[in-house]
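Trainee: Please find one structure pasted underneath; my questions will follow.
Every number in this text was worked out from the coordinates using simple rules, so none of it is lab data. Quick caveat: nothing in here was measured; it's all calculated off a predicted structure. Neighbour counts are summed over all protein chains in view; Cβ atoms, including those assigned to glycine, are modelled from backbone coordinates with ideal geometry.
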Amino acid sequence: MNTVPIKMTKKRKLILDELRSVKSHPTADEVFSMVRKHMPRISLGTVYRNLELLASHGLVLKLESGSGPKRFDGHVGNHYHVRCSICGKVQDLTEADWPELEERARGLTDFQITGHVVEFSGLCPDCSGEGNHGRFET
Ligand SMILES: [Zn+2]
Ligand SMILES: [Zn+2]
């Protein structure tokens, strides 16, 4: 993690505020369109660089996946995610916090365990056909 103090510019503050205001775990493109409403002249590159910087300082979480774009999370407290394997949508598993996972990991490695990331995969209601959109209208 980057320990040099971050200068909280107006742009960074706005990006952070926008990200913290949603639960959708947006991609950089989505953050860009949210931020642009308030700061029409900001560029995608600026948003992207600032997201990376905020992530390197631990102010936002960067959710990487093997396929699909990175997503960002303004909520950095210990919480777990479930990701849809079809559309890539990410949701929080609220109130999931299992410190015993770290205890178990400590027993299995010489590494000093400092944290953990848990991501479940599945199908969101839209993709599994169980959401409102998938229902048959007769
Ligand atoms: Zn889905
Ligand atoms: Zn989250």
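Trainee: Please give the calculated 222 nm ellipticity per residue for the chain, where each DSSP H segment of at least 4 residues contributes -39500 (n - 2.57) and the sum is spread over every residue; nearest 500 deg cm²/dmol?
Mentor: Values: 5 runs with 44 residues, N = 138.
That calculation yields -9000 deg cm²/dmol at 222 nm.
Trainee: Which lysines, on any chain, are close to Lys13 with Cα under 21 Å apart, when same-chain ones fewer than 8 places away are left out?
Mentor: Leaving aside lysines fewer than 8 places away in the same chain, those within reach of Lys13 are Lys23, Lys37, Lys62, Lys70.
Trainee: Just add up the charged neighbours of Lys89: K/R +1, D/E -1, any other residue whose Cβ is under 12 Å from the Cβ of Lys89. Write down the numbers at each step before the final one.
Mentor: Values: positive: Lys23, Arg71, Arg83; negative: Glu30, Asp92, Asp126.
Here the charged neighbours net out to 0.
Trainee: Oh, and also: Using unit Cβ charges (K, R positive; D, E negative) and no other charged atoms, how large, in debye to the nearest 20, is the dipole of the range 1-75 about its Cα centre? It would help to have the intermediate numbers written out before the result.
Mentor: Numbers: 14 positive and 7 negative charges, 70 e Å.
Using only the charged Cβ atoms, the result is roughly 340 debye.
Trainee: If contacts are Cα pairs under 8 angstrom and at least 6 residues apart, what is the relative contact order of the chain in percent? Mind showing how you got there, number by number?
Mentor: Values: 161 pairs, mean separation 27.7, N = 138.
It rounds to 20 percent for the chain.
Trainee: From the gyration tensor of the Cα coordinates in the range 1-75, what semi-axes in whole Å does the equivalent ellipsoid have, largest first, with each one equal to sqrt(5λ)?
Mentor: Values: eigenvalues 56, 53, 24 Å².
Equivalent ellipsoid of the range 1-75: 17, 16, 11 Å, largest first.
Trainee: To continue, here is another question. Evaluate the charge dipole of the range 23-138 about its Cα centre and quote only its size in Debye, nearest 20, assuming +1 on the Cβ of each Lys and Arg and -1 on the Cβ of each Asp and Glu. Please list the in-between numbers first.
Mentor: Values: 13 positive and 16 negative charges, 133 e Å.
About 640 debye.
Trainee: What nm distance separates the two modelled labels at Ile42 and Glu102, each placed 7 Å from Cα along Cα→Cβ?
Mentor: 3.2 nm
Trainee: Alpha carbon centre of the range 111-128 versus the range 45-75: separation in Å?
Mentor: Centre-to-centre (Cα) distance: 16 Å.
Trainee: Then there's this: Calculate how large, on average over all directions, the projected area of the Cα convex hull of the range 50-123 is; give the answer in nm² to one decimal.
Mentor: Numbers: hull surface 23.6 nm².
Projected area, direction-averaged: 5.9 nm².
Trainee: At a 10 angstrom cut-off on C-beta neighbours, averaged per residue, how do the peptides 78-86, 4-12 rank from highest to lowest? Mind dumping the intermediate values first?
Mentor: Values: 78-86: 16.0, 4-12: 11.1.
My ranking of the peptides, most packed first, is 78-86, 4-12.
Trainee: From the phi of every residue in the range 65-80, what ³J(HN,Hα) in whole Hz does the Karplus formula 6.51 cos²θ - 1.76 cosθ + 1.60 yield, where θ is phi - 60° and glycine or proline is x?
Mentor: Here the 3J(HN,Hα) series is 9, x, 10, x, x, 5, 10, 10, 9, x, 9, 9, x, 4, 8, 10 Hz.
Trainee: Kindly provide log₁₀ I(q)/I(0) values, in the same order as q = 0.10, 0.14, 0.15, 0.16 Å⁻¹, from the Debye equation applied to equal alpha-carbon scatterers of the chain.
Mentor: -0.43, -0.77, -0.86, -0.94
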